[in-house]
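Below is one structure; the comments refer to it alone.
Bear in mind these aren't lab numbers, they're just calculated from the coordinates by the rules spelled out. Given the structure is predicted, the values throughout are model-derived calculations rather than measurements. Counting neighbours? That spans all protein chains shown, and the Cβs are built from the backbone with ideal geometry, glycine included.
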Amino acid sequence: MAISKTIRPGLIQLRVVNLEESVAFYRDILGLDVVGQTSDGRVMLKTYDEFDHHSVVLRHAPESGFDYVAFKVVDDKTLEELKEATEAFGYPVDVASDEQPGYGKRYGFTLCTGHRIELYAEVAQAEKIPMLVNPDPWVEMPRGMKAQRFDHLLLYGPNIAEAERYFKEVLGMFAPEFCNTPDGKRFAVWLTGGNKAHDIAFVEYERPNTIHHHAFYLEDWNAIGNAADLIGKYRVKRDVGPTRHAITRGQTIYFWEPSGNRIETYAGGYAAYPDNPQREWTIDEIGRGLFYYEGELFPSFLEIVT
Amino acid sequence: MVYEITDLTAETKYPAKEEESLFRAMIRSGKGCIRYGCEGGGCGVCKIRITEGEYERFKNMSRAHVSEDEEKEGIVLACCVKPKSDITLAKFKTT
C-alpha cells in the first residue's frame, strides 16, 4: 500500500520541436524502449524496468515544453474520491480525451501554476516487463544510461504555496524539504506520496506552465559516471554535474535532450517518511542545497526552462 | 572548412567549423556572447541576429522564442544554425 493516495508519477507527455532526434536520444542515450506511436504520431516510451504500458510520450510541436504529468492512484474508488476532492478544492476536472493506449480513465485539471495534472487508476501492463520468477536484474542488456524509471519532475510556475496545499490536502502527499524567501514565502518545495525523496517539486516563477526538468532514476553513482561518459562521447549539452544534491541527497547530472527539455539522471536519495521532521533550506544556502560539491548556483540552472 | 565569426556583442572574433552550430563555436572558443543554453532549440537563451553571412538552419527552433517573421530577418537560435560563410552576429535584444 502506498503511503498516500498516489503511487507515483507514472506518465509524462512532453512537446518536442525535433521529434526524430529526441526519440533517438531517449532510445539510444537514455536507454528507453519505444513502445509504439499513437494514431496522431506521438511516440510512447518506457524504461526497461517499468511494468506499465508506457511512461513517457513525446509530441511533435512548434514549441518544446510540458503537456502534462499523470499520477497513478491506488484504485478506482480513490480516483473517483480524488476527482470530487479536486473539484471541492476549486479546480474544475475533465476527462482526458487524448488517446493514451493502455490507459484507463484519466481525470485532468489545471493547477494554479498553469500545469495540467492528471490522475488515473488503471493502466495495462507492458509487453516487455522485468522478470517475475527467479528474476534476473534485467531481461535484455540495458542500453546507454540504463534509465530504470521515470522518477520525478520539477515544475516552475506562480503560487506554488497553493500547489503544495493541493498535493498535501487532496492527494495526501507530504513535503520532506522546503525553501522559503527571507520574508517567509515559499520559494521551492519537494513533495512525495511514498518513500521516494520526491515525486514532484515546484519553484516559484512568474511564467506559468513551464518545466525545469524531468528525471530518470539510475541505479547508483557508477551509473551516473557511465551517463557522464555518454554525455562526453555523444556531445550531449550538459548543464550541471555529476554532483550530489544536499536536498534529497541524490546524486545527479543535468543535461538537455535534442529539443531543449532538461533531463536529470538521478540516483540514491534518502527514504522519506511522513512522520520524519521536515527539513528547511534558507535561500542564502540554496546553492549548497542544490549542488553540494560546488556550493554555488549556476545561472543556466536557474534561468533555463521550457 | 572554418569560418570567422564577428561577434558584435562580445566585441571579438572566433572561428566556427562548418559542421558545428554557432552556439557550439561560441562555447568552444569561450569568447562568444552566449555562455549557456539548452542546445536544443527549446529555451531561447541563444537568440541572435545575424547581420551578415550565409547560414543553414539544421534543427527546428521553438516558435515560443523565434517567430517565422523573425526568422526571415535573420533572427535565429545560435544552436540551430551552421555557418556557410563568415558570419557577423549580435545577441538579440528586444529593445
Alpha-carbon centroid distance for the pair region A:142-187 / region A:223-288, whole angstrom: 14
Positive-end residue, region A:1-152 charge dipole about Cα centroid, Cβ charges, pick of A:4, A:38, A:89: A:4
Estimated vicinal HN-Hα couplings, Hz - region A:139-152 in sequence order (Karplus 6.51, -1.76, 1.60; Gly, Pro = x): 8, 10, 4, x, 9, x, 6, 6, 4, 9, 7, 5, 9, 6
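Can you list the GluC sites (Glu not before Pro) in region B:1-87 that are in a DSSP coil and have 14 or fewer other beta carbons within 10 angstrom?
Values: sites: B:4, B:11, B:18, B:19, B:20, B:39, B:52, B:54, B:56, B:68, B:70, B:71, B:73; in loops: B:11, B:18, B:19, B:20, B:39, B:54, B:73.
In loop regions of region B:1-87 (DSSP not H, G, I, E or B), the sparsely surrounded GluC sites (Glu not before Pro) are B:11, B:18, B:19, B:54, B:73.
What order do you get for A:130-140, A:102-112, A:290-300 when each peptide is scored by the mean count of other beta carbon atoms within 10 Å, highest first?
A:102-112, A:290-300, A:130-140
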Dipole-positive endmost among A:14, A:202, A:223 within chain A (Cβ charges, Cα centre): A:223
Amide H contacts under 5 Å for residue A:177, placed H, 5+ residues apart: A:190, A:279
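Kirkwood Rh over Cα pairs of region A:1-95 into Stokes-Einstein at 10 °C, 1.306 mPa s: D in µm²/s?
Details: Rh = 15.0 Å.
Using the Kirkwood radius from Cα pairs, D works out to 106 µm²/s.
When Cβ neighbours within 10 Å are restricted to other protein chains, what is their mean count per residue of peptide B:57-63? It would help to have the intermediate numbers written out before the result.
Numbers: counts 0, 1, 6, 12, 6, 12, 5.
If you average over the peptide's residues, the count of other-chain Cβ atoms is 6.
How big is Rg to Rh over chain B, alpha-carbon atoms, Rh as the Kirkwood inverse-mean-distance radius?
Details: Rg = 11.6 Å, Rh = 12.7 Å.
For chain B, the value is 0.91.
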Using θ = phi - 60° and Karplus 6.51 cos²θ - 1.76 cosθ + 1.60, couplings along region A:261-275 (whole Hz; Gly, Pro as x): 7, 6, 10, 10, 9, 10, 9, x, x, 7, 7, 8, 10, x, 8
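Compute the Cα gyration tensor for region A:64-128, then decide on rounded, prolate or oblate, letting a ≥ b ≥ c be the square roots of its eigenvalues: rounded whenever a/c is under 1.5, prolate when a/b is larger than b/c in the other cases, and oblate in all that remain.
Values: a/c = 2.30, a/b = 1.24, b/c = 1.86.
It is oblate, given that a/c is not under 1.5 and a/b is not larger than b/c.
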Built amide H within the under 5 Å cut-off of residue A:123, gap 5+: A:104
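With +1 assigned to the C-beta of every Lys and Arg and -1 to the C-beta of every Asp and Glu, and no other charges, what is the dipole magnitude of chain A about the Cα centre in debye, to the nearest 20? Spell out each step's value before the answer.
On the way: 32 positive and 46 negative charges, 77 e Å.
Approximately 380 debye in magnitude.
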Sparsely packed trypsin sites (Lys or Arg not before Pro) within chain B, loop by DSSP, other Cβ within 10 Å at most 10: B:93
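Quote the charge dipole size of region A:156-305 about the Cα centre in Debye, to the nearest 20; the model charges only the Cβ of Lys and Arg (+1) and of Asp and Glu (-1). Before the final figure, lay out each step's value.
Working: 15 positive and 21 negative charges, 68 e Å.
Roughly 320 debye for region A:156-305.
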Whole-Å semi-axes of the ellipsoid equivalent to region A:186-304 (Cα gyration tensor, √5λ, descending): 23, 18, 14
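Summing -39500 (n - 2.57) over the DSSP H runs of n ≥ 4 in chain A and dividing by its residue number, what mean residue ellipticity at 222 nm do you reach, to the nearest 500 deg cm²/dmol?
Numbers: 6 runs with 53 residues, N = 306.
Counting only the DSSP helices, I get -5000 deg cm²/dmol.
Consider all pairwise Cα distances in chain A and report the whole-number % of them above 30 Å. Show your work: numbers first, answer last.
Details: 12874 of 46665 pairs.
In whole percent, the share of Cα-Cα pairs in chain A beyond 30 Å is 28.
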Of A:117, A:283, A:211, the one that fluctuates the most in a GNM where chain A has Cα springs shorter than 10 Å: A:283
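Going by C-beta contacts inside 10 Å, put A:113, A:181 in order with the fewest on the left.
Details: A:113 23, A:181 12.
Fewest to most other Cβ atoms nearby, the residues stand as A:181, A:113.
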Cys residues of chain B counted as unpaired, since no other Cys beta-carbon is under 4.7 Å: B:33, B:46, B:79, B:80
Calculated from backbone phi, Karplus (6.51, -1.76, 1.60) coupling profile of region A:101-115 in Hz, x at Gly/Pro: x, x, 8, x, 4, 10, 8, x, 7, 9, 6, 4, 6, x, 8
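For a footprinting-style exposure proxy, rank B:48, B:75 by other Cβ within 10 Å, fewest first.
On the way: B:48 27, B:75 17.
Neighbour counts put them in this order, fewest first: B:75, B:48.
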Region A:40-98 - charge dipole about Cα centre, Lys and Arg +1 at Cβ, Asp and Glu -1, debye rounded to 20: 220
Residue A:52 long-range amide H proximity, modeled H, under 5 Å: A:126
